[in-house]
Structures are given as C-alpha cells and as structure tokens.
1. Taking Leu140 and the conditions (1) part of a loop (DSSP other than H, G, I, E, B); (2) open to solvent by 20 Å² or more (accessible area, probe 1.4 Å); (3) at pLDDT 95 or above, which numbered condition does it fall short on, given that it satisfies the others?
2. For segment 248-293, list the helices (runs of 4 or more DSSP H) that sit wholly inside it and hold at least 1 residues that are of a type in the set (Ser, Thr, Tyr) and surrounded by fewer than 15 Cβ atoms within 10 Å (Cβ to Cβ); which are they?
3. Based on what the data block shows, is Val218 touching a Phe, Trp or Tyr at 6+ places or on another chain (Cβ under 6 Å), assigned to a helix (DSSP H, G or I), aliphatic (A, V, I, L, M) and farther than 29 Å from Tyr111 by Cβ?
4. State whether one or more residues within segment 201-209 are open to solvent by 40 Å² or more (accessible area, probe 1.4 Å) and either at pLDDT below 95 or out of contact with any strand residue (DSSP E or B) (no Cβ under 8 Å at 6 or more places or on another chain) (or both).
5. Checking Arg146 against (1) over 18 Å from Gly116 (Cβ atoms); (2) open to solvent by 30 Å² or more (accessible area, probe 1.4 Å), which test does it fail?
6. Taking Trp180 as meeting all but one of (1) at pLDDT below 95; (2) within 16 Å of the ligand (Cβ to nearest atom), write down the number of the exception.
7. Starting from segment 282-293, keep only residues that are under 15 Å from Phe161 (Cα atoms), then list their pairs with residues that are among the aromatic types (Phe, Trp, Tyr) and in a helix (DSSP H, G or I) whose Cβ atoms are within a distance under 8 Å, requiring at least 6 positions of separation or different chains.
8. Name the residue that is nearest to Thr77 (Cα to Cα), counting only residues in segment 121-137 that are of a type outside the set (D, E, K, R) and open to solvent by 20 Å² or more (accessible area, probe 1.4 Å).
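The values are calculated or read from the model by the stated rules, or taken from the named source; none is laboratory data. The shown structure was predicted, so the numbers you read here are calculated from the model rather than taken from an experiment. With ideal geometry, Cβ positions are generated from the backbone for all residues, glycine too; neighbour counts draw on all protein chains shown. The protein model used for the area step is the full one, side chains on, heavy atoms only, and it has no ligands, DNA or RNA in it. Shrake-Rupley method; radii C 1.70, N 1.55, O 1.52, S 1.80 Å.
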Amino acid sequence: MILVVGATGLLGGEICRRLRERGHPVRALARETSDPAKVQRLKSLGAEIVRGDLKDRASLDQACRGAATVISTASTTLSRQPDDSIGGVDQDGQMQLVDAARNARVGQFVYVSFSGSFEIDCPLRTAKRSVERHLQRSGLTYTILRPSVFMEVWLSPALGFDFTKGAAQIFGTAKRPISWISLGDVAEFAARCVGHPAARNAVFELGGPEALSPEDVVRTFEEVTGRHFETQHVAETALQEQWRVAADPLQKSFAALMLGFAQGDTIDMRRTLEVFPLRLGTVREYAKRVTIG
Ligand SMILES: NC(=O)c1ccc[n+]([C@@H]2O[C@H](COP(=O)([O-])OP(=O)(O)OC[C@H]3O[C@@H](n4cnc5c(N)ncnc54)[C@H](OP(=O)(O)O)[C@@H]3O)[C@@H](O)[C@H]2O)c1
C-alpha cells in the first residue's frame, strides 16, 4: 500500500494516477475540507481515501498503518485552510508524518522538496530543508526529490504568464536559464522511485531537458502561437525589497520564490536519467499543449 499525502493537489493527484496505472494499491489522504470533486477523482482511480491532516498526528498514525511507502507532496503555499501555516504544516506537519511513518515501520518515504540551488532564506526553505534533515536522520529509507520550477505552475495565467492573452509578467532580467520541468515528469520520477534500489537513501535534483531563460520561453511561445507576447518585467531590486520587508511567512516565501526564479536554476539531469531513463517534456511541447491543444 502506498500512502500519498497531498493527493488532492496537482502533483499528488498525478502521482496517484500513475501509481494506479501501474497497478499499485494507493491510499490517498484527504481532508474534510478537500474539494469533493478531487476526492471523487481519486476514488474513481481506485484509490482508498483516508481522512487526515498534517496538523493531526493521530490521523497520520492511522493513515500510515500498513503502508509500505509514503509519498508526500503536501504544501500550504497554494492550497490552505485558515488554520494552516508553513511552520505548522510544511514544517511541523511533515515532520510528524515522518515520525508516524517511522512508528508504522514504513519501508520507504518519498518527500517532494524543492531545488537544492534555492538558497534564499524564507520560511518555506527552512521548512523544506528541516524536513529533509529530519527524514534523513529518521532511520527510514528516504528518497528526496528536489524539483526545479514546474512549467505548468510558473508558465500559467495564475502566475502572470498569460498565454491566452499573449502577455507575460517576468521576474528579473529574463536572461538567466531555468531547467523548467513538467509536473508530469516529477510525478513519473516519484512513481519510478517506489521500491527502486537507486532511490534508497537518495536525493535527486530534478530539472527538465533544457535550461531556457524566460526570454527564450517567451520566444518559444511566440513561435508556437505565431503571436507577439507583451512582456512586463518585475525588477530584481523590487523583488529584493519585497522579500526584505515581508513579515508574513507566506509573503516572505513567495517573494523568495520569485527572487529565486529571477536568479535562475540550471540542473544537469544526465546522471539521473542514466538511472531513470525518461524522455523529459519540453517547454515547446507544453506551449503547444496549452495553446493549440
Ligand atoms: N510549483 C513549483 O514550481 C514547485 C517546484 C518545486 C517543488 N514544488 C513542490 O511540489 C509540491 C506541490 O505539489 P502540488 O502542485 O500538488 O501542490 P498543490 O496543488 O497546492 O497541493 C497541495 C496539497 O497539499 C495538501 N495540504 C495542504 N495543507 C495540508 C494539511 N494541513 N494536511 C494535509 N494536506 C494538506 C492539499 O490538500 P487540500 O486539497 O485538502 O488543501 C493538497 O493536496 C509542493 O510540495 C511544492 O513545494 C513545487
């Protein structure tokens, strides 16, 4: 049995789908407040639903019972309830889940963190690195996935990359390359890591097939759509100021993420792809998928 925490999220849901496709039994953690349509989708995949919350240790003990593997993608950055916080959920909640998994003698714990080159101080970074350390010291067999920027999130209208209108907001100079990765590829790595000997006590930095600057990305979208994109730049100095003055942990983390984006993130995937041969999705393919269909 594979317990997926974060199953109602974009990445967690895709991991569940791929695990079920491979015939794995999946237990999906959902909250009372989770979107019923997402819970229904998990049920229709054949996943067993368990109710729980990362803030509720007893529910995690219950959820881990009999699980051979735990995969956790949960985060409050985009999907949160009023009583959720980065400290209480992304940090303490994930650590509680590690403890519950250890008590339940789970065989492998796969944790979705973020890129190792993301070094800007903020509560989300503190949470991610603290959970990584806690997991590595737990005695559990661990796999830590450290993906770079998801194209489906950062190249989407929700974050100002509005390909439907041909308008793109860009953080920083637009010149620094990023190894954009497709969310589906992150899900694929997570699924392939389950029970894989090379994933035992391993940390994988995950990026896409090529490092493209935001400028290159805009050009790619223009080529694919045959349409000119209007770009609006948010200066790195403005992002630094936003990060410096932010008092709220979530705002501080968002500002740090935008600043990290502006500074670029290149990941060499050659060694990882030798272990997990996979044709990674490109930004051009993504652009075609979301604009032409
Ligand atoms: N976006 C990027 O570019 C990027 C890059 C690198 C790494 N990542 C990491 O990838 C993961 C993103 O996954 P995603 O896209 O699937 O996120 P998402 O769509 O925002 O989903 C978040 C999930 O966390 C769950 N959750 C939130 N608070 C919880 C709590 N208190 N107890 C239990 N579950 C809780 C949510 O459940 P509800 O549905 O009940 O709210 C939801 O299932 C995150 O860990 C993120 O840090 C993202």
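1. Only one criterion is unmet by Leu140, namely (2).
2. Working: elements: 249-263, 270-275, 283-291.
In segment 248-293, no matching helices (runs of 4 or more DSSP H) lie anywhere.
3. Working: touching a Phe, Trp or Tyr at 6+ places or on another chain (Cβ under 6 Å): yes; assigned to a helix (DSSP H, G or I): yes; aliphatic (A, V, I, L, M): yes; farther than 29 Å from Tyr111 by Cβ: yes.
In short, yes.
4. First, the residues of segment 201-209 that are open to solvent by 40 Å² or more (accessible area, probe 1.4 Å): 201, 203, 205, 209.
If we keep only those that are either at pLDDT below 95 or out of contact with any strand residue (DSSP E or B) (no Cβ under 8 Å at 6 or more places or on another chain) (or both) too, we end up with 209.
Yes - at least one qualifying residue is present in segment 201-209.
5. (1)
6. (1)
7. Every condition considered, the pairs that remain are Ala287/Phe221; Thr291/Phe221.
8. Step one: list which residues in segment 121-137 are of a type outside the set (D, E, K, R), which gives 122-124, 126-127, 130-131, 134-136.
Now restrict to residues that are open to solvent by 20 Å² or more (accessible area, probe 1.4 Å): 123, 126, 134, 136.
Working: Pro123: 11, Thr126: 14, His134: 21, Gln136: 23 Å.
Checked segment 121-137; the qualifying residue nearest to Thr77 (Cα to Cα) is Pro123.
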